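The values are calculated or read from the model by the stated rules, or taken from the named source; none is laboratory data. Owing to the predicted nature of the structure, the values given are computational and were not obtained by experimental measurement. Please note: Cβ atoms are built from the backbone with ideal geometry, for glycine as well, and neighbour counts cover all protein chains shown. We work out accessible area using only protein heavy atoms, side chains counted, and drop any ligands, DNA or RNA first. Shrake-Rupley method; radii C 1.70, N 1.55, O 1.52, S 1.80 Å.
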Amino acid sequence: MPSLIVGTAGHIDHGKSALVRALTGTDPDRLKEEKERGITIDLGFAHLDLGEGVVASFIDVPGHERFVRNMLAGAHGIDAVLLVVAADESVMPQTREHFHICRLLGIPRGLVALTKCDAADADMQALAEMEARELVAGSFLEGAPVLRVSARTGEGLPALQDALRALARTAPPRPEDGLVRLPVDRAFTVKGFGTVVTGTLVSGGLLPGEEVEVLPRGRRARVRGLQVHGTSTDRVGAGHRAAVNLTGIEVDEIARGDVVTRPGTMRATSILEADLTLLPTAKPVKDQARVRVHLASAEVLARVRIQEASAIAPGATARVQLRLESPSVAGRGDRLVIRSYSPSVTIGGAVVLDPLASKRRRGSAGVAATAASAGDDLATAAARMVAAAGASGLDAPTLAARVTVPLSALLAALAASEDVVALGHDPVWLVSSAALDGLAAATEERLREFHATHRLEAGMSREELRRRVFARTPAGVFSTVLDRLTREGRIRAGTDTIALAGHDVHLTPQESAVRDALLAAAREAALAGIDLAHPPPGLPAADPRLREKVARSLLAEGALRRVGDALVESARLDALIAEVRSRWPGGSRLDVAAFKEMTGLSRKFVIPLLEYLDRERVTRRTGADRFVLG
């Protein structure tokens, strides 16, 4: 059954609880102290069947200034506000503060109820209505019905029910396909059932038997049962108030302010990036000011780090980072209420742009260019966050938590984007096209530098290039960039080395003579190879460093390979591997004596050759034996 979540708002003793009781027949004041003192201290709940298949769920909040924090714990999930103004007292201080809170939370619709009309004459009622209309002028309540009612006599209650029914018809449905998010406003124990929590399911849907995670504590639990309006149900959809019976968690392990969600979909945070707007009546807020942040049902102390100024003026909006003093849970687009630390009064509100922001200093370059904005759609906001991550990219599950949508919805939104490239799987990593362009340019620049200082080498080692340019990139980026540069004809990518497409090794006459002599000597030495520390006769007189440089060039080129301390002609080694595989089938034991006889070499040369075959995965040593791999 569709549900309209209605929150009451108004000054203490203006009849909010009495009006809810008259409408629903349920007393929302559940605490003994509330009944003794005659005031609402904590949240109260009741519901009313409006007909047409719609139920109004009332969250009755305290009006006393000392209990505004309790009022805020229940105000986050409401679809409409019932602003209560007593006809015999008119608009009062808490009326104004509650109304400001409703505006800051972005509540889109509501009604105004003039209560206690039985205690006010016609002139007092007219004056109270005029002042109420002045209060809401220019707001979401401008033009809303102002209904004169009396909880004691029943005056106006049918008209109020009609107005609530009309509101329910215009209220859009909550996102059923969104992330499961139930901010907890009560946690208690029911004998025979265990831990029960209540709250308004902001998005998604809950089923009995499924596993949930309680954040920010990170505790896992399982849904044992669900109730809506006191009746058991096999599913709770977004926009309903629900009681959730949890197993696997004790009541002292969960409290108001926690959030029930599906495991791995949301993350606790200590830094929120947001646009903060001060009320025109507030005092300026300076950088590093300590404030109270009301986030869903949680209250968290925080420091305000203003990004591009030293203070926020009354009525102004500024980009800030809220550095929370204890972890909490937020989603992109959430609305926060900001209250001063002392005295605790409402001073403004904020819209979360990034619930998992990285710390940055005030005045950091590029804040405006890289940070997501409130007006960004899903694809734009996600692309901005990926771009801000640079070459490191972001894993898709983390990004989905930052933009607060299911992973499948995020990937679908980015599928057609030219600004973001998806790599790999489990998890998918996302890197911006601009970051890949930068890595491609850095690769070419690094190769140019290498060729300038290693003129005789055919190319740069793959691993050295990876280490110098791609050290902080996710898996898949290296091969993606190299494949792209190869396709575009900008580089040549070999098995072991990378070179610019136009690079050629140009040798001086002296270098050419040394190269030819080394190749001839290696050919002559066959599998024994040559050792530059003890060069064979016949090599032209040359600086040992020149011989070493030319030898490195031949190794990079692939003409020679290193076997122990010796350099062996690559063609000889390829022939050796082919002969070994021909003589000894895969899985058979290699006869070392026969291998020695085949090569005609002494043990001094045979041992390095066998170790080379191990490295090339031609053979595998097991104890004292070697076996040929298939």
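A few comments on the model shown:
- Val91 accessible area, assembled protein chains, probe 1.4 Å, Å²: 20
- Carbon and sulfur %, accessible surface of segment 71-154 computed with the full protein complex present, 1.4 Å: 50
- Net lengthening on full extension, Leu507/Ala309 (0.36 nm per residue, minus Cα-Cα): 65.3 nm
- Computed accessible area, Arg467, all protein chains, 1.4 angstrom probe, square angstrom: 150
- Remark: segment 422-429, residue by residue, has Karplus-estimated 3J(HN,Hα) of 9, 10, x, 7, 6, x, 6, 10 Hz, where x stands for each Gly or Pro and the curve is 6.51 cos²θ - 1.76 cosθ + 1.60 at θ = phi - 60°.
- Radius 15 Å from Cβ of Asp543, net charge of other residues (Lys, Arg +1; Asp, Glu -1): +3
- Amide H contacts of Ala316: Leu278, each under 5 Å away and 5 or more positions distant or on a separate chain (H built 1.01 Å from N in the peptide plane; Pro and chain starts excluded).
- Residue-normalised accessible area of segment 234-340, expressed per residue, 1.4 Å probe, Å²: 37
- Accessible surface of segment 245-368 [probe 1.4 Å, protein heavy atoms]: carbon and sulfur percent: 49
- Tail weight of P(r) past 17 Å, computed on alpha-carbon pairs of segment 251-335, percent: 51
- Tilt relative to the chain, helix 544-557 - C-alpha long axis, 0 to 90 degrees, to 10: 60
- ³J(HN,Hα) computed for each position of segment 180-189 - Karplus, 6.51 cos²θ - 1.76 cosθ + 1.60, integer Hz, glycine/proline x: 5, 9, 10, x, 7, 10, 8, 9, 7, 10
- Å² of accessible area per residue within segment 165-227, as computed with a 1.4 Å probe and no ligands counted: 45
- The calculated P(r) of segment 496-618, using every Cα pair and 5 Å bins from 0, goes 2, 10, 20, 21, 16, 13, 10, 6, 3, 1 in percent.
- Of all accessible heavy-atom area on segment 501-630, the percent that carbon and sulfur account for (1.4 Å): 50
- J(HN,Hα) series, segment 317-333, from Karplus relation 6.51 cos²θ - 1.76 cosθ + 1.60, nearest Hz, glycine and proline x: 10, 9, 6, 9, 10, 9, 8, 6, 7, 9, x, 9, 10, 9, x, 4, x
- When the Cα convex hull of segment 314-442 is projected onto planes of every orientation, the mean area is 9.7 nm².
- Here, segment 204-288 has an Rg and a Dmax of 17.4, 50 Å when only alpha carbons are counted.
- Relative packing of 518-524, 101-107, which averages over residues the other C-beta atoms within 10 Å, highest first: 101-107, 518-524
- Heavy-atom accessible area per residue - segment 560-630, 1.4 Å, Å²: 58
- Folded to 0 to 90 degrees: helix 477-487 orientation relative to the chain principal axis, Cα: 60
- Mean residue ellipticity (222 nm) of the chain, computed from DSSP H runs ≥ 4 via -39,500 (n - 2.57), nearest 500: -10000 deg cm²/dmol
- Tally of Lys pairs whose C-alpha atoms are under 25 Å apart, taken over the chain, 8 or more apart or cross-chain: 9
- The shape of segment 243-283 can be summarised by an equivalent ellipsoid whose semi-axes, obtained from the alpha carbon gyration tensor, come to 33, 15, 9 Å from longest to shortest.
- Phe140 sits with roughly 50 Å² accessible to a 1.4 Å probe, with DNA, RNA and ligands left out of the calculation.
- Amide proton proximity set for Tyr341, modelled H, under 5 Å, gap of 5+: Arg292
- Taking Lys and Arg as +1 and Asp and Glu as -1, the other residues whose beta-carbon sits under 11 Å from that of Val592 total +2.
- Summing +1 for each Lys or Arg and -1 for each Asp or Glu among the other residues whose beta-carbon sits under 13 angstrom from that of Pro280 gives +3.
- Rg and Dmax of segment 315-362, based on Cα coordinates, read 11.6, 30 Å.
- Among the listed values (1) 122, 54, 39; (2) 73, 62, 57; (3) 95, 57, 46, the one computed from these coordinates for Cα extents along the principal axes in Å is (1).
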